[in-house]
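Trainee: Dropping a structure here in structure tokens format, bear with me for questions.
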Amino acid sequence: MKRMISFLVAISLTLGFTSAIFKSAQTYKPPRTSEGLPDLQGIWEAHNMADADIQKFLVGGGTLPYTPEAAKKKAENARQAKKADPLAQCFMAGVPRTMYLHFPFQIFEGTGYALITSEYAHTFRYIKMDGRPILDGSEFWMGDSRGHWDGDTLVIETSGFTDRTWFDSSGNFHSGSLHVTERISRAAADVLTYEATIEDPKTFSKPFTIRMTMNRHTEKNFQIREHECYAF
Amino acid sequence: MPSDSAGMKTRQRRESRKDQRFLASILFVMTLLSGFSMVALHAQQGARGEGAVPAGPVKRRPDGKPDISGYYNSPNAGGAAFNVEPGPAAVGQPATQGAITDPPDKLIPYTAAAKAKREELVAHHLYDDPEAHCLPSGIPRQTYAPFGWQILQPDGYVVMIYEAFHAYRILPLDGRPHLPANVRLWEGDGRAHWDGDTLVIDTTNQTGKQWFDMAGNFSTPTLHVVEKFTPIDSNTLNWEATMDDPAIYTRPWTISARITKNNTPNYQILEFACHEGEQDLIHYTQEEGNPTGGKAKKK
């Protein structure tokens, strides 16, 4: 019983902390880079279980709005997940999954671009912010991204995906028609708020959004190393 | 006799399968290479063709350091992607002029033992080139891996992103020390600083598993590479890389190349989804089909 109570206390503390973070997101003003951009730069990592099942991070709760056909495939994926998860074969993680893997990633910014480098399988996302269009219709593991600043929030639109990546290790999946809109902002000096809205009419009956926080690595001289998935 | 005739047929079938496999392996290598050279050619045309921008003076950042950001073509460097030394044409390999500018004989100054190991690799293990298994090229090979690449200069760093093997190098400019020697990275641990207008990159902590080219020029974990990127004008970098490794060289050696910008409008680095651990070359060249005469190891 004591354990139960301390568990409940921990949960409510976490929830309180999380809601405080989301509130402060509206008030925290990030510093500027040398080029005057909102500064989201640094090495970040999601310390949560989103990679186990994104459904727990669904804004508004509930279940992912699969079409009946897609729900069957998701159930099949879940049964085969241990082997069928693309990460089990060291494939690139795709978007948004690369952002909440248990590997650090680094954000760089400059005029006309943002760059996100992940430790997992040395993958990077170059986000065009110079008016060049998305190469839609192409098939990339990591998609093709274009970004813009909405106030202090980095908004990234990504499409041009293969249908071969998953959202998590539980078999949540998508088609090649996936379009992801991410909103990344700083809730506090060392906390990012991360949102991803998933649109894929071939798989889902309506769009949905997942939301979570990510933390900065503040260890001295911390750096992205390499997770050579195959050859580590 | 019927049995002999059957045996003959089996033998013929086996021979023909051998020929097919040998042909397939050559075709595979040729496809890889022609893919490489087409990309390189495309990149070259990009630099000279419609996207050509007349070279001006070296651009400057607000802090006065050179602005070398932009898209670059990989340098041909005397055929360095195939062989950093001068070499004759071989199966799937053109003749190379070599990229080595020191020592003057354009040969890597191997110790006797290291030279023997290299010859063994050439004779029996060319299929073990890490690039054939989609592993990152390592330093300095990443620079002349024949695909486009890009330099970015965000606050406090120089970052290089490469189409080849979707690799990147994050090079801090803050003078921090190298990682402990027991940490080994395919792209090494790079530290950058500006020496006047020259970007100097000091790279250690490599795995020792990467090669310099497709010709068996190998490395060890104690390899120390110092690169110098010096802008000549707004479109051109002079690049030098000096390799030191007492474990296998009798003296340091240097390769050099001119690296040109790719100013093609709307050019971007695409995704090179080479799958780590790729085994095709081993499968194609296994046993009798191996044009280098080697036996594939079971992994």
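Trainee: For the stretch B:141-149, check the following and say yes or no: at least one residue is crowded, with 20+ Cβ neighbours inside 10 Å, free of Cβ contacts under 8 Å to residues at least 12 places away in the same chain and not in a strand (DSSP E or B).
Mentor: There is no residue in the stretch B:141-149 that is crowded, with 20+ Cβ neighbours inside 10 Å, free of Cβ contacts under 8 Å to residues at least 12 places away in the same chain and not in a strand (DSSP E or B).
Trainee: Taking the stretch B:196-209 on its own, how many of its residues are touching a Ser or Thr at 6+ places or on another chain (Cβ under 9 Å), farther than 18 Å from B:Ala114 by Cβ and either assigned to a strand (DSSP E or B) or of a type in the set (A, V, I, L, M, F, W, C) (or both)?
Mentor: Looking only at that region, the number is 3.
Trainee: Just checking, does the stretch A:171-180 include any residue being crowded, with 20+ Cβ neighbours inside 10 Å, more than 18 Å from the chain's Cα centre (by Cα) and either within 26 Å of B:His166 (Cβ to Cβ) or at the interface with chain B (Cβ under 10 Å from one of its Cβ atoms) (or both)?
Mentor: no
Trainee: Further question on the same structure: I'm checking my understanding of the structure. Among residues of the stretch A:65-117 that are of a type outside the set (A, V, I, L, M, F, W, C) and part of a strand (DSSP E or B), which one is farthest from the other protein chains (Cβ to nearest Cβ)?
Mentor: Here the residue is A:Tyr66.
Trainee: Filtering the stretch A:129-159 down to residues that are among the charged types (D, E, K, R) and closer than 28 Å to A:Gly36 by Cβ, which residue is nearest to the other protein chains (Cβ to nearest Cβ)?
Mentor: The qualifying residue nearest to the other protein chains (Cβ to nearest Cβ) is A:Arg132.
Okay, residues lined up against (1) farther than 18 Å from B:Tyr72 by Cα; (2) modelled with pLDDT of 95 or more; (3) assigned to a strand (DSSP E or B):
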residue	(1), (2), (3)
B:Ala192	yes, yes, yes
B:Trp211	yes, yes, no
B:Thr220	yes, yes, no
B:Val225	yes, yes, yes
B:Phe229	no, yes, yes
B:Ile232	no, yes, yes
B:Asn238	no, yes, yes
B:Ala241	no, yes, yes
B:Ser256	no, yes, yes
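Trainee: While we're here: Within the stretch B:248-279, restricting attention to residues that are away from chain A (no Cβ under 14 Å) and charged (D, E, K, R), which residue is surrounded by the fewest Cβ atoms within 10 Å (Cβ to Cβ)?
Mentor: Here the answer is B:Arg251.
Trainee: In addition: Does B:Gly98 meet the test of being of a type outside the set (A, V, I, L, M, F, W, C), in contact with a Gly (Cβ under 8 Å, 6 or more places away or on another chain), part of a loop (DSSP other than H, G, I, E, B) and within 30 Å of B:Leu173 (Cα to Cα)?
Mentor: So B:Gly98 fails the test.
Results for (1) in contact with a helix residue (DSSP H, G or I) (Cβ under 8 Å, 6 or more places away or on another chain); (2) basic (Lys, Arg); (3) buried (at least 16 other Cβ atoms within 10 Å of the Cβ); (4) touching a residue at least 12 places away in the same chain (Cβ under 8 Å), shown as yes or no for each residue.
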site: A:Leu37; (1), (2), (3), (4): no, no, yes, yes
site: A:Asp51; (1), (2), (3), (4): yes, no, yes, yes
site: A:Leu64; (1), (2), (3), (4): yes, no, yes, yes
site: A:Thr67; (1), (2), (3), (4): no, no, no, yes
site: A:Phe91; (1), (2), (3), (4): no, no, yes, yes
site: A:Thr98; (1), (2), (3), (4): no, no, yes, yes
site: A:Pro104; (1), (2), (3), (4): no, no, yes, yes
site: A:Gly112; (1), (2), (3), (4): no, no, no, yes
site: A:Lys128; (1), (2), (3), (4): no, yes, yes, yes
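Let's see how each residue does on (1) closer than 16 Å to A:Met99 by Cα; (2) touching a helix residue (DSSP H, G or I) at 6+ places or on another chain (Cβ under 7 Å); (3) of a type outside the set (Lys, Arg); (4) in contact (Cβ under 8 Å) with a residue 12 or more places away in the chain:
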residue	(1), (2), (3), (4)
A:Ser175	no, no, yes, yes
A:Ala189	no, no, yes, yes
A:Glu195	yes, no, yes, yes
A:Arg216	yes, no, no, yes
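Yes or no, residue by residue, for (1) in contact with a helix residue (DSSP H, G or I) (Cβ under 8 Å, 6 or more places away or on another chain); (2) away from chain A (no Cβ under 13 Å):
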residue: B:Gln150; (1), (2): no, no
residue: B:Val158; (1), (2): no, no
residue: B:Arg169; (1), (2): yes, no
residue: B:His178; (1), (2): no, no
residue: B:His193; (1), (2): no, yes
residue: B:Ile201; (1), (2): no, yes
residue: B:Gln210; (1), (2): yes, no
residue: B:Met214; (1), (2): yes, yes
residue: B:Asp245; (1), (2): no, yes
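The values are calculated or read from the model by the stated rules, or taken from the named source; none is laboratory data. Given the structure is predicted, the values throughout are model-derived calculations rather than measurements. In this analysis, Cβ positions are derived from the backbone assuming ideal geometry, glycine residues included, and neighbour counts consider all displayed protein chains.
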